Amino acid sequence: MATVSAAALLMTGCQPGDDDAGSAASPSGAPTASSSGSPKPATSPGGTGSSTAPAVTFTPKAPGSASATSTPTTKACAGESLKSFMYQADVRPEGTGIGAVIVEFTNMSGTSCVVQGHPTVAGAPNGSPEKGRPLAVTPTGPASKVVLAAGAKAWVKVTFVQVQGEGDGYCVSGSEPVTYPTLVVGLPAGGAHQLALDDGALAECDDKATVSAVTATKPS
């Protein structure tokens, strides 16, 4: 799918194993990748010192099979180097909407690079990411550095306030459910990625979402 600036939203449901959809480049205004300088510890947003989050590193294996060990010159993964794909999560809130999605990122750069942090999320019309409607996100989990070898993957999970009932459904809060055909997921220094599910639009309530930090462990 096309990439853009902004956060992310709902998309048509596809299941794990479906064809990958859409890779994105950093749009105007979106953070761009930059080289890291002298080795510094990764820190959680707003934290320093004792709050430093440990780097997530792995012993290199066969190309594309796992994350590689970070070096002082390992750069952030640029938006155009990440292929993105979204599908419905297996574990999601009770209700009649999509509920939660997994966004998968694959390093296509041919060399190791770093992803880290919590994504932004916005709902947007097809092909119009600039018209996206940002969701208020609640981050969960430590923003640890994830070093991706060439061909390796990382994931984030986005959980929505679930729609209840049949038909058009309703929101427990009393607000009206909102449906988006695409979700725009923005990674710190990793560009904005516009994605859609394969089997329908994404309905949610209250324009809120809970987002995990980028992780090398595939969520369910």
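Only one of (1) of a type outside the set (D, E, K, R); (2) farther than 11 Å from Cys205 by Cβ; (3) not in a strand (DSSP E or B) fails for Thr138. Which number is that?
Only one criterion is unmet by Thr138, namely (3).
Any residue in the stretch 104-125 that is without any contact (Cβ under 8 Å) to a residue 12 or more places away in the chain and part of a loop (DSSP other than H, G, I, E, B)?
Of the residues in the stretch 104-125, the ones without any contact (Cβ under 8 Å) to a residue 12 or more places away in the chain are none.
The answer is no, given that none of the residues of the stretch 104-125 is without any contact (Cβ under 8 Å) to a residue 12 or more places away in the chain and part of a loop (DSSP other than H, G, I, E, B).
Condition first: among the charged types (D, E, K, R), at pLDDT 95 or above and more than 19 Å from Gln88 (Cβ to Cβ). Can you find one or more residues in the stretch 115-132 that meet it? Give the derivation first.
If we filter the stretch 115-132 for residues that are among the charged types (D, E, K, R), which is where we start, we get 130-131.
Right, trim to at pLDDT 95 or above and you get none.
No; the residues of the stretch 115-132 include none that is among the charged types (D, E, K, R), at pLDDT 95 or above and more than 19 Å from Gln88 (Cβ to Cβ).
Output the number of residues of the stretch 76-111 satisfying the condition of being within 30 Å of Gly167 (Cβ to Cβ) and not basic (Lys, Arg). Spell out how you get there, then give the answer.
Quick first cut of the stretch 76-111, residues within 30 Å of Gly167 (Cβ to Cβ) only: 86-103.
With the extra rule that they be not basic (Lys, Arg), the set shrinks to 86-91, 93-103.
Going through the stretch 76-111 one residue at a time, the tally reaches 17.
May I ask you to list the residues in the stretch 183-193 that are open to solvent by less than 30 Å² (accessible area, probe 1.4 Å) and closer than 17 Å to Val137 by Cα? Lay out the reasoning, then the answer.
First pass over the stretch 183-193, keeping only residues open to solvent by less than 30 Å² (accessible area, probe 1.4 Å): 183-187, 189-193.
Residues satisfying the conditions are Leu183, Val184, Val185, Gly186, Leu187, Ala192, His193.
In the stretch 104-144, how many are more than 19 Å from Ala189 (Cα to Cα), open to solvent by 50 Å² or more (accessible area, probe 1.4 Å) and among the small types (Gly, Ala, Ser)?
2
Given (1) under 21 Å from Val91 (Cα atoms); (2) touching a residue at least 40 places away in the same chain (Cβ under 8 Å), identify the lone condition not met by Ala152.
(1)
What about Glu166, is it touching a residue at least 40 places away in the same chain (Cβ under 8 Å), assigned to a loop (DSSP other than H, G, I, E, B) and more than 17 Å from Thr120 (Cβ to Cβ)?
Values: touching a residue at least 40 places away in the same chain (Cβ under 8 Å): yes; assigned to a loop (DSSP other than H, G, I, E, B): yes; more than 17 Å from Thr120 (Cβ to Cβ): yes.
Yes: the conditions hold for Glu166.
Residues in the stretch 194-211 that are surrounded by fewer than 22 Cβ atoms within 10 Å (Cβ to Cβ) and either within 12 Å of the chain's Cα centre (by Cα) or aromatic (Phe, Trp, Tyr) (or both): how many?
Result for the stretch 194-211: 1.
The values are calculated or read from the model by the stated rules, or taken from the named source; none is laboratory data. Because the structure is a prediction, the values reported are computed rather than measured. Reconstructed Cβ throughout: ideal geometry from the backbone, glycine too, with neighbour counts over all protein chains shown. The accessibility values were calculated without ligands, DNA or RNA, using every heavy atom of the protein model including side chains. Shrake-Rupley method; radii C 1.70, N 1.55, O 1.52, S 1.80 Å.
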